[in-house]
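To start, the structure under review is shown below, and the notes come after it.
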Amino acid sequence: MEHLHNGYTLEFSPDAFPLSTDSIALAHFVKLPKKANVLDLGSGCGTLGLYLCALDESCTVCGLELTESAHQMALHNASVNNISHRLNSVCGDIRNIPEIFPSGSFSCCVSNPPYFSSGPQSQKTPLARREDCCSLSELFAAASWALQYGGDFFIVHRPERLSELCTCGAQHKLEAKKLLLLRHKADGPVSLILMQFRKGGKPGLIWQEESLATADGEKTDYYRYLYHI
């Protein structure tokens, strides 16, 4: 069991991917409008939804998850945290989203998606990190369908996929608006990128850089912000 912000707790199903920096960083990168109606694409056990509900008491979150065991654990997590009225989970395939939600149902979408392309070399990677069931193009198509005009899509991914992320966004009328480059150490390579896309947004990208530790290994203010130290 993981203990989150404001007393929330998070449990995982045995086959679920554990809590990691990418989910924590994404939850804090997201900027929600007041009383946001959020869709978490590939929501797993409800990690992002729990974080967002803990950070913003006005939002509601619905997760869309393919795996039945993770979906059931998300419902359990909502129940034990007494937020079933704010956090829900639907078991379904992102590729079939038009059959699940009406177009424009959400003011915001979030996703911590699979990072690695499917193929023979990727089979040793856990399914939660492979694109076998959801390519980047399919993910962006789902976000574009679900979002209201002017709504935002927030995503965390690997830096080597940056060009592909921007291309997929443009193909589905999602304009890149903000980019955060995250390093584990200030003098190290970029390990994660966090991006904000806006449906129908005008061109104009702002970016920032953060690190979790200084070159000497000391925890940064950004690390303390993420972990509420």
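What the table shows:
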quantity: Cα-centre dipole for the stretch 1-65 with unit charges at Cβ (Lys and Arg positive, Asp and Glu negative), debye to 20; calculated: 360
quantity: Solvent-accessible area per residue, Å², over the stretch 181-229 with all protein chains present [probe radius 1.4 Å]; calculated: 60
quantity: Residue 95 accessible area, 1.4 Å probe, all protein chains in place, Å² to nearest 10; calculated: 100
quantity: Calculated [θ] (222 nm, deg cm²/dmol) that DSSP helices of n ≥ 4 give over the chain, each run adding -39,500 (n - 2.57); calculated: -7500 deg cm²/dmol
quantity: Accessible area of residue 48 in the full protein assembly, 1.4 Å probe (Å², nearest 10); calculated: 10
quantity: Accessible-area composition of the chain, carbon plus sulfur, in percent [1.4 Å probe]; calculated: 52
quantity: Total charge dipole magnitude, the chain, about the Cα centre, Cβ charges on Lys, Arg, Asp, Glu only, Debye to nearest 20; calculated: 600
quantity: Proportion of all alpha-carbon pairs of the stretch 37-111 beyond 22 Å (%); calculated: 14
quantity: Separation of alpha-carbon centers, the stretch 40-92 and the stretch 143-199, rounded to whole Å; calculated: 22
quantity: Dipole of the stretch 132-229, positive end: most advanced residue of 226, 203, 139 [Cβ charges, Cα centre]; calculated: 203
quantity: Ranking by accessible area, most exposed first, for 91, 109 with a 1.4 Å probe; calculated: 91, 109
quantity: Cα pair distances exceeding 24 angstrom across the chain, given as percent; calculated: 42
quantity: Furthest towards positive pole of dipole, 215, 162, 21, structure part the chain, Cβ charges; calculated: 162
quantity: Hz values of 3J(HN,Hα) by residue in the stretch 91-98 - Karplus curve (6.51, -1.76, 1.60), Gly and Pro given as x; calculated: 8, x, 9, 3, 5, 10, 4, x
quantity: Charged-residue dipole, Cβ positions (Lys, Arg, Asp, Glu), the stretch 142-196 about Cα centre, Debye nearest 20; calculated: 100
quantity: Approximate spin-label separation residue 2-residue 68, in nm, with each point projected 7 Å along Cα-to-Cβ; calculated: 2.6
quantity: Residue 207 - accessible surface, heavy atoms, 1.4 Å probe, Å² rounded to 10; calculated: 150
quantity: Axial C-alpha extent at least 27 Å, average Kyte-Doolittle at least 1.0 - helices from the chain (DSSP); calculated: none
quantity: Theoretical gain in end-to-end length, residue 216 to residue 103 [0.36 nm per residue, Cα-Cα removed]; calculated: 35.8 nm
quantity: Residues of type lysines that residue 202 reaches as a straight line, Cα spacing below 30 Å, ignoring anything fewer than 8 places off in the same chain; calculated: 31, 34, 35, 173, 177, 178
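The values are calculated or read from the model by the stated rules, or taken from the named source; none is laboratory data. Since this is a predicted model, take the numbers as computed values, not measurements. With ideal geometry, Cβ positions are generated from the backbone for all residues, glycine too; neighbour counts draw on all protein chains shown. The area values use the complete protein model at the heavy-atom level, side chains included, leaving out ligands, DNA and RNA. Shrake-Rupley method; radii C 1.70, N 1.55, O 1.52, S 1.80 Å.
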